[in-house]
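The values are calculated or read from the model by the stated rules, or taken from the named source; none is laboratory data. Please read these numbers as outputs of a predicted model, since none were measured by experiment. Cβ coordinates were reconstructed from backbone atoms using ideal geometry, including for glycine residues, and neighbour counts include every protein chain displayed. For the accessible areas, the whole protein counts, side chains as well, though only heavy atoms, and no ligand, DNA or RNA atoms are used. Shrake-Rupley method; radii C 1.70, N 1.55, O 1.52, S 1.80 Å.
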Amino acid sequence: MEPLFLSLLHKLLELCRRCARQSLRYLLYLCAALSRRRRTTGHSPTVVGKKPQGGKPLLPKAADSYDDSAHIEAQAESCALISKEHAPVIIACSSVPRTPPMARTHQQHARLDSGSMPMSPTSTLRDSPGAISDVGHDGPSCYPMNMYQEGPENIDSPWVFEPLETFRIYEEKVVPSWSFHVHPEGQPYFFNDCRRFYYLTELDLYNSEVLAEMDRFMDEIERKAENFNDLPTHVEVVLEVEDGSWSYYMMDLDRRCIFWLDRFDAWPIIPPHFAFEKKDHIRHLLDFEFWQHIEHFPNHRPYVKGVLEDLMGILTQGHIDVMTSIESTGAHNSSEFESYMGTMKHIRSLIKVGGSSCYVNAVTARMMCNFMVERYFNFYGFDGARLSLHQSVRGNATKRRSWLIKMLSPVLFYAPETHLYGLERLWLDRVIKKRHWLSFQAKLERDWEGFVLYSTVLLNANVAFLSIPSVLSDNNGPLWVSPAAIASQVSIIASLGSIIVGLLLVRQLRISAKESVDDAVGFLERRIHPQLGLETMSILYSLPYALLMWGMVTFLASVAIVCFFNVDGTASIFTRALYGCVWMFIVVLILWTVLTGWETTNKVNWRSLVPPFMRRKKRTDDGTDAGSDEDGENVDAQSVRSSRTRMTASTATLRTWRPRMHKFVEVSKRRLTGKWSDKTSQSSFELPSLERQ
């Protein structure tokens, strides 16, 4: 019975759906017909290219003899002709002249990454002649489209095209002595090669006043260049006129160097908070300016020779460095390097088939710009070059902590120290790398979300704990609150604080510090304190963890009160002894874990806490002292660091050659020996040598 009822209900719903769909189709058709009838002023539709059965084309009637019924009949007849005979026709219907659609601005265009570009209601494609609307599924429905009428009312419109006038849009305007180019990203610029130097500008030279100003500017440049005898010949000059002032720079294409004919203060182009001692260090910034010049003006020049080979070498070395070292100075991760190398291979194939040089120059120049900036920040080619991610080019001086963080760190379970250490390593020399910032950001968000989850669980545990009658009860009388209930309520407050602060920090980090490096640098610069530096930020970041730990401590205190104190006669001597054994075991494990973390953080052994006079000394077989336990621990640490084949070793240790050097000893002081010498962690055998007579 039930399947039959469901089948009937399904058929009834299907019938209702079909009726509603058909009714909606007829309703839309009726609304369209009524709207066209209201818009019609005095002309009947015309079918161009098709004759009716009488042999005469349908001609528009006079405006004073217009008839609505005749208009509808003629429209229906024209649509019937199209549906019966499949000859190509163009349907045109007169309408009231209206203003053309406004040109869309840059903000109204769809984004490139949006995946779709919806057509505007005023799009010219929607109102173009011959557009056919296919409504429904039973057959084609023909609706006349609106067109501009030739008449005195449309003469003043700026969008009226004469016959064949649209072809002129694609014709480039000619500016004497200048050639027009368009950057692959869309920026137009002009190039002049008819003078002593090559000139480039992004100004609109179609304006006669701007063109005259540019001619005077070029005359002044060449007049001033006559005062110099050793100027290079292959030079490009970029000109800019803004607010009545002239600006320029000159680029020697052979030396790949930027220069000027006047005194120039390079301080504006030096990145802030990263100065240097000598002018020689600015060479990488000059290289950056050259490649940025090539990136901005790539069309009029051939391929830059040798740049593909240099890029492939840089990418290959960086890829291997990132894969084999956890402290690599590379700015990209392994997948990004692989993607870049694949792009370089496509560019090489594009050059072989003779592709346009503008795209190749723009892509290669942008990548070289990035690498030149990296070389500048890493002191590439200079004394003190950065070879490890956490190596400072200013020297790894110990930074003093303020009294604020010294006082708050023990209270906050030393979490601010951990965050401050991580922030200082991340923003070393005020330089931040994208891949390290993304990993740091993801780690922070993951930790805070975990703390919020743990605090929620702790909050539920406290609520359940307070429901115990021996902790909090009224017993149909005045409310009785035990000391355990007070500690549990403090734990609830700490848990709520951890949840609220954690959620706020996650939201702030996601909104303010996005994936861009500039956003990350701005985020850190806005939060750095003038005197305390990153200490205030590290204290703020440690609050979710610290509040969670205080919630755990107070919750443990409430449980301990219930266990050891005689609250309403709940604990006996035997149970207290049992609780004491369990608590002692758990406390020892917790202290062991804390001590292990302290050893890892400070890179020391717990034996260093023992006074020297209490340390036992080991003795060898011959009775000599082998050293204390502390020396043995240092040996172990050095032996671990000497394992250079491990992937987790420091990059600076792997790259530097200084640990392999041996102090020079004169030949006259050398001894003839052949025994093994165990010194520190390296066992070396001194080869026999003759002593100088």
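Could you please let me know if Glu374 is acidic (Asp, Glu) and either more than 26 Å from Arg510 (Cβ to Cβ) or in contact with a Cys (Cβ under 8 Å, 6 or more places away or on another chain) (or both)?
The answer is yes for Glu374.
Kindly state which helices (runs of 4 or more DSSP H) lie completely within region 529-644 and contain at least 2 residues that are modelled with pLDDT under 85, of a type outside the set (Ser, Thr, Tyr) and open to solvent by 90 Å² or more (accessible area, probe 1.4 Å).
573-602
Answer yes or no: is there a residue in region 367-379 that is modelled with pLDDT under 90, open to solvent by 60 Å² or more (accessible area, probe 1.4 Å) and under 30 Å from the mean Cα position of the chain (by Cα).
No, there is no match, as no residue in region 367-379 is modelled with pLDDT under 90, open to solvent by 60 Å² or more (accessible area, probe 1.4 Å) and under 30 Å from the mean Cα position of the chain (by Cα).
Could you go through region 308-327 and let me know if any residue there is of a type outside the set (A, V, I, L, M, F, W, C) and under 30 Å from Val182 (Cβ atoms).
For region 308-327, residues of a type outside the set (A, V, I, L, M, F, W, C) and under 30 Å from Val182 (Cβ atoms): present.
State whether the residues of region 283-300 include one that is modelled with pLDDT under 90 and under 26 Å from Cys194 (Cβ atoms).
No, that holds for no residue.
Just checking, does region 316-329 include any residue being under 30 Å from Val237 (Cβ atoms), part of a helix (DSSP H, G or I) and open to solvent by less than 60 Å² (accessible area, probe 1.4 Å)?
No, there is no match, as no residue in region 316-329 is under 30 Å from Val237 (Cβ atoms), part of a helix (DSSP H, G or I) and open to solvent by less than 60 Å² (accessible area, probe 1.4 Å).
For Ser439, are the conditions met, namely being without any contact (Cβ under 8 Å) to a residue 24 or more places away in the chain, of a type in the set (Ser, Thr, Tyr) and assigned to a helix (DSSP H, G or I)?
Yes.
Of the residues that make up region 234-247, is at least one at pLDDT 90 or above, exposed (fewer than 15 other Cβ atoms within 10 Å of the Cβ), in a loop (DSSP other than H, G, I, E, B) and not aromatic (Phe, Trp, Tyr)?
yes
All but one of (1) without any contact (Cβ under 8 Å) to a residue 24 or more places away in the chain; (2) open to solvent by 70 Å² or more (accessible area, probe 1.4 Å); (3) in contact with a Phe, Trp or Tyr (Cβ under 9 Å, 6 or more places away or on another chain) hold for Trp267; state the number of the condition that does not hold.
Unmet for Trp267, out of (1) without any contact (Cβ under 8 Å) to a residue 24 or more places away in the chain; (2) open to solvent by 70 Å² or more (accessible area, probe 1.4 Å); (3) in contact with a Phe, Trp or Tyr (Cβ under 9 Å, 6 or more places away or on another chain): (3).
When residues of region 341-355 are filtered for being open to solvent by less than 70 Å² (accessible area, probe 1.4 Å) and either of a type in the set (A, V, I, L, M) or in a helix (DSSP H, G or I) (or both), how many remain?
Total meeting the criteria: 8.
Can you run down the residue pairs with Cβ atoms below 6 Å, 6 or more apart or on separate chains, where the first is in region 551-565 and farther than 21 Å from Ala577 by Cα and the partner is open to solvent by less than 20 Å² (accessible area, probe 1.4 Å) and part of a helix (DSSP H, G or I)?
These pairs meet every condition: Gly551/Leu458; Gly551/Ser491; Gly551/Ala494; Gly551/Ser495; Thr554/Ala487; Thr554/Ser491.
Which residue pairs have Cβ atoms under 7 Å apart, sit 6 or more places apart or on different chains, and have a first residue in region 574-590 that is touching a residue at least 24 places away in the same chain (Cβ under 8 Å) and a second that is among the aromatic types (Phe, Trp, Tyr) and assigned to a helix (DSSP H, G or I)?
As it stands, the answer is none, since no pair meets every condition given.
Restricting attention to region 473-487, and to residues there that are open to solvent by 50 Å² or more (accessible area, probe 1.4 Å) and outside any helix (DSSP H, G or I), which single residue is modelled with the highest pLDDT?
Among those residues, the one meeting the criterion is Val481.
Conditions tested, residue by residue: (1) surrounded by 14 or more Cβ atoms within 10 Å (Cβ to Cβ); (2) β-branched (Val, Ile, Thr); (3) touching a Phe, Trp or Tyr at 6+ places or on another chain (Cβ under 9 Å).
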site	(1), (2), (3)
His273	no, no, no
His281	yes, no, yes
Gln292	yes, no, no
Pro298	yes, no, yes
Tyr303	yes, no, no
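Looking only at region 214-231, which residues are open to solvent by 50 Å² or more (accessible area, probe 1.4 Å), outside any loop (DSSP other than H, G, I, E, B) and in contact with a Leu (Cβ under 9 Å, 6 or more places away or on another chain)?
Once the filter is applied, which keeps residues that are open to solvent by 50 Å² or more (accessible area, probe 1.4 Å), outside any loop (DSSP other than H, G, I, E, B) and in contact with a Leu (Cβ under 9 Å, 6 or more places away or on another chain), region 214-231 yields only Lys224.
Restrict the check to region 407-427 and report whether at least one residue is open to solvent by less than 50 Å² (accessible area, probe 1.4 Å) and of a type in the set (D, E, K, R).
yes
Per-residue answers, yes or no, for (1) surrounded by 15 or more Cβ atoms within 10 Å (Cβ to Cβ); (2) of a type in the set (Phe, Trp, Tyr); (3) not in a helix (DSSP H, G or I):
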position	(1), (2), (3)
Arg435	yes, no, no
Glu445	yes, no, no
Ser455	yes, no, no
Leu458	yes, no, no
Phe465	yes, yes, no
Ile468	yes, no, yes
Gln489	yes, no, no
Ser495	yes, no, no
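Just to be sure I understand, how many residues within region 177-213 are part of a loop (DSSP other than H, G, I, E, B), more than 13 Å from His296 (Cβ to Cβ) and open to solvent by 20 Å² or more (accessible area, probe 1.4 Å)?
Qualifying residue count, region 177-213: 9.
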